[in-house]
1. Compute the normalised compactness of region 44-130: alpha-carbon radius of gyration over 2.2 N^0.38 Å, N being the residue count.
2. Roughly how tilted is helix 93-110, in degrees to the nearest 10 and between 0 and 90, from the longest Cα axis of the chain?
3. Go through region 31-40 residue by residue and turn each phi into a ³J(HN,Hα) via Karplus (6.51, -1.76, 1.60, θ = phi - 60°); whole Hz please, and just put x for glycine and proline.
4. With loop defined by DSSP as not H, G, I, E or B, and exposure as at most 15 other Cβ atoms within 10 Å, which is the longest segment of the chain clear of exposed GluC sites (Glu not before Pro)?
5. Trypsin sites (Lys or Arg not before Pro), restricted to region 43-119: which are DSSP loop and have at most 13 other Cβ atoms within 10 Å?
6. Rg and Dmax of the chain, Cα atoms, in Å?
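Laboratory data are not the source of any read-out in this text; all were calculated from the coordinates shown. Since we're looking at a predicted model, the values are computed, not measured. Positions of Cβ are generated from backbone atoms using ideal geometry, with glycine treated the same way; all protein chains shown enter the neighbour counts.
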Amino acid sequence: MAETEEQVAEQVSMFERIGGFVVIDRLVETFYERMDTLPEARTIRAMHADDLGPTKDVLKRYFTEWLGGPKLYSAERGHPRLRQRHMGFPIDTSARNAWMLCMEGALDQCIADEAARHEIFVNMAKLADWMRNTEDKPGGPQSPAPRHPAHS
Ligand code: HEM
């Protein structure tokens, strides 16, 4: 039986839709470049090693798999257990917002397809919410929550 256009479309992963390895590579490089330079990200940058090289490689493999591409992350590291892997870092709302600020700009710069970008943003924000493991300081988060007209 011939497949409908819709059925064919469903078989294309988000990984392929946004442009595959080249775009994941650019996204992660841009994300860490922002983390390295934005004053709002100073606290979360300090949680990372000086040399971001190995972390970039891991994140590229993770996003490849998370977006439906080849399972490069789990082949090497097993089940992601991401929340558990982040327990050693104090992640409050301010840290979460700083992480999303780096990611939002990277998504804007690297992903041309607006609908795909929005879907990824929403799902990443959920993951970042879930990664919080530390009470917020009195007075609320210090980093401004990222604003984006397309997501408000
Ligand atoms: C919300 C604030 C977050 C902070 C402050 C944070 C911070 C960190 C830090 C400090 C590391 C260790 C890096 C190293 O060893 O050099 C790390 C690892 C990692 N993070 Fe995050 N992270 C956050 C959210 C997220 C989110 C939302 C994702 C996924 C969408 C993510 C994915 C990863 C991955 C895949 C690793 C590598 C884990 C491994 O070792 O296998 N992180 N993160």
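1. Normalised Rg, Cα atoms only: 1.11.
2. 40
3. Calculated HN-Hα couplings, in order: 4, 6, 5, 5, 4, 6, 10, 6, x, 5 Hz.
4. Longest stretch, sites excluded: 4-134.
5. Hits after loop and neighbour filter: 71, 81.
6. 16.4, 61
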